[in-house]
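A.B. asks: I have a structure I would like to understand better, so I am pasting it below and will then ask my questions one at a time.
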């Protein structure tokens, strides 16, 4: 499932990403229907032996994301997800999603449980300001990753591009990951053939990002906790049925 290579040069990574061509030699279990059948089909079109790895996102940005995926793939892991304990500013996440999906701030804002109207209105206003200040970076999308001072988004961009270059599927689980995926997709539209989202969500930012990239929206769970639960459930189902 992978090609050797340790390059951290973004241009070289982009050159190595090929258009996705699905494997077709597989048979779905009889009891696999609906969204489960869709999930299994997505996996078997991209993989064979299932060995999952949850990548820990650490400070270090793009290059560390590249190295982390190379290490995982070289160790024989065939399907990746992310885990992140760092809190990324939600305004940054939603500004990136808004800019790269060409949506207004209110179209990528979600009023979760316990959020007051006043808090949400301030978040929209702050997102509007950040989007206005960075509209010129749409064409240089990697610069948008620098809006996140933690380096988390840049790490995921490097990881996603490397995974695609090495033909290794990834299941995304949070709006932060989707923001990074949009940047990676902007750099190489071929890369997103190796990704899917973990779960559907009432969060409009999730729907906008998924639609823009044309990736599978995920299991129809309607999750809005932004904790990667959809990705975890997807892994559990794949482990059970493969």
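Bear in mind these aren't lab numbers, they're just calculated from the coordinates by the rules spelled out. All values reported here derive from a predicted model rather than from experimental measurement. Here the Cβ positions follow ideal geometry from the backbone for every residue, glycine too, while neighbour counts run over all protein chains shown.
A.B. asks: I'd like the distance separating the alpha-carbon centroids of the range 90-164 and the range 64-82, in whole Å.
C.D. replies: What the calculation gives is 25 Å, centre to centre.
A.B. asks: Would you please put 178-186, 35-43 in order of how densely packed they are, using the mean number of other Cβ atoms within 10 angstrom per residue and starting with the highest? Kindly include the intermediate steps, with their values, before the conclusion.
C.D. replies: Details: 178-186: 27.0, 35-43: 18.4.
Result, highest mean Cβ count within 10 Å first: 178-186, 35-43.
A.B. asks: Comparing 23, 62, 77, which has the greatest mean-square fluctuation in the GNM of the chain with Cα pairs linked when under 10 Å apart?
C.D. replies: So, out of 23, 62, 77, the one fluctuating most is 23.
A.B. asks: Which angle between 0 and 90 degrees, to the nearest 10, do you get for helix 117-133 versus the longest principal axis of the chain when only C-alpha atoms count?
C.D. replies: 80 degrees
A.B. asks: Helix 90-101 versus the longest principal axis of the chain: what is the Cα-based angle in degrees, 0 to 90, to the nearest 10?
C.D. replies: 70 degrees
A.B. asks: Here's something else I'd like to know. Any chance you could get the radius of gyration and Dmax over the Cα atoms of the range 58-100, in Å?
C.D. replies: For the range 58-100, the Cα radius of gyration and maximum Cα-Cα distance read 13.5, 37 Å.
A.B. asks: Counting pairwise Cα distances across the range 29-108, what percent come out greater than 17 angstrom?
C.D. replies: Result for the distance tail: 66 percent.
A.B. asks: Taking 7 Å along the Cα-to-C-beta vector as the label spot, tell me the residue 26-residue 227 distance in nanometres, rounded to one decimal.
C.D. replies: Here the modelled spin labels are 2.9 nm apart.
A.B. asks: In whole angstrom, note down how far apart the Cα centers of the range 201-228 and the range 19-60 are.
C.D. replies: When both Cα centres are located, 18 Å separates them.
A.B. asks: Any chance you could list P(r) for the range 102-242, counting all Cα-Cα pairs in 5 angstrom bins from zero, rounded to whole %?
C.D. replies: 2, 10, 18, 22, 22, 15, 7, 3, 1, 0
A.B. asks: Multiply the residue separation of residue 11 and residue 106 by 0.36 nm, subtract the distance between their alpha-carbon atoms, and state the gained length in nm to one decimal.
C.D. replies: Gain on stretching residue 11 to residue 106: 30.8 nm.
A.B. asks: Which residue, 56, 118, 12, tops the fluctuation ranking in a GNM of the chain built on C-alpha contacts under 10 Å?
C.D. replies: Between 56, 118, 12, it is 118 that shows the largest mean-square fluctuation.
A.B. asks: To one decimal place, what orientation-averaged projected area in nm² is obtained for the convex hull of the Cα set of the chain?
C.D. replies: Working: hull surface 49.3 nm².
Taking the Cα atoms of the chain, their convex hull projects to 12.3 nm² on average.
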